[in-house]
Amino acid sequence: MSDHHRKLERMYHDHAPINDFFDPELSISEGASTLELPVSEKLYHPGNAVHGTAYFKALDDAAFFAANSLVEDVFLLTTQMNLYLTRPVSEGHMLARGEVLHDNPGQYIAEAVLEDDDGNQLARATATFVRSNIELDAEIGYE
């Protein structure tokens with residue numbers, strides 16, 4: 001297990017206040033990540049299923065951390081994302097798996113797939129990430 005990956009996980013869990021609302025669990029490996037998000041009524045739209053913002057968050061985080069697993073000096077930024085919502089969910093957990101499809105010094109492209117507890121695809125996304133000027137250091141929780 002990479003020290004870099006564990007630092008990214010701690011940064012995500014301990015220094016991103018939005019995660020207090022969503023309560024996700026993130027695991028990172030080289031060029032890949034998994035994110036589990038519990039489904040709860042607080043995530044529902046009026047049709048009693050999870051709102052697309054939760055889908056986006058799970059897919060963006062999974063793809064982002066798959067890409068940032070390859071970069072040890074700076075924080076990446078999401079510059080573009082194509083999102084396909086394919087199925088509603090209203091119970092259980094959502095599991096997003098992110099994987100880097102292409103990497104070079106200027107641009108990273110990753111894909112993420114979101115599934116329910118039965119392995120049914122809920123959504124998928126491709127995203128593009130670029131290097132920022134934000135250093136990965138203790139100031140942003142990378143410790």
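Among residues of the stretch 88-113 that are under 23 Å from Ser132 (Cα atoms), those with a Cβ under 8 angstrom from a residue that is loosely packed, with under 14 Cβ neighbours inside 10 Å, sequence gap 6+ or separate chain, pair up as Tyr108/His102; Ile109/His102.
Can you go through Ala63, Ala49 and tell me which one is within 17 Å of Glu115 (Cβ to Cβ), touching a residue at least 60 places away in the same chain (Cβ under 8 Å), surrounded by 13 or more Cβ atoms within 10 Å (Cβ to Cβ) and among the hydrophobic types (A, V, I, L, M, F, W, C)? Walk me through how you get there before you give the answer.
Working: Ala49 fails: touching a residue at least 60 places away in the same chain (Cβ under 8 Å).
Within the list Ala63, Ala49, the selection yields Ala63.
Looking for whichever is under 13 Å from the mean Cα position of the chain (by Cα), crowded, with 16+ Cβ neighbours inside 10 Å and β-branched (Val, Ile, Thr) here; the options are Val71, Val113, Val89. Which one fits? Going through Val71, Val113, Val89 in turn, the sole match is Val113. Within the stretch 10-31, being in contact with a Ser or Thr (Cβ under 7 Å, 6 or more places away or on another chain), of a type outside the set (Ser, Thr, Tyr) and on the phi < 0 side of the Ramachandran plot holds for Leu26, Ile28, Glu30. Filtering the stretch 90-120 to residues that are small (Gly, Ala, Ser), part of a loop (DSSP other than H, G, I, E, B) and either modelled with pLDDT of 95 or more or over 21 Å from Leu77 (Cβ atoms) (or both) leaves Ser90, Gly92, Gly119. If you go through the stretch 4-59 and keep only what is part of a helix (DSSP H, G or I), within 19 Å of Glu99 (Cα to Cα) and of a type in the set (D, E, K, R), you end up with Arg6, Lys7, Glu9, Lys57. The residues of the stretch 121-143 that are in a strand (DSSP E or B) and hydrophobic (A, V, I, L, M, F, W, C), listed by number, are Leu122, Ala123, Ala125, Ala127, Phe129, Val130, Ile134.
The values are calculated or read from the model by the stated rules, or taken from the named source; none is laboratory data. This one's a predicted model, so the numbers in the text were calculated from it and none came from an experiment. Glycine also receives a Cβ, built like all others from the backbone with ideal geometry; neighbour counts cover every protein chain displayed.
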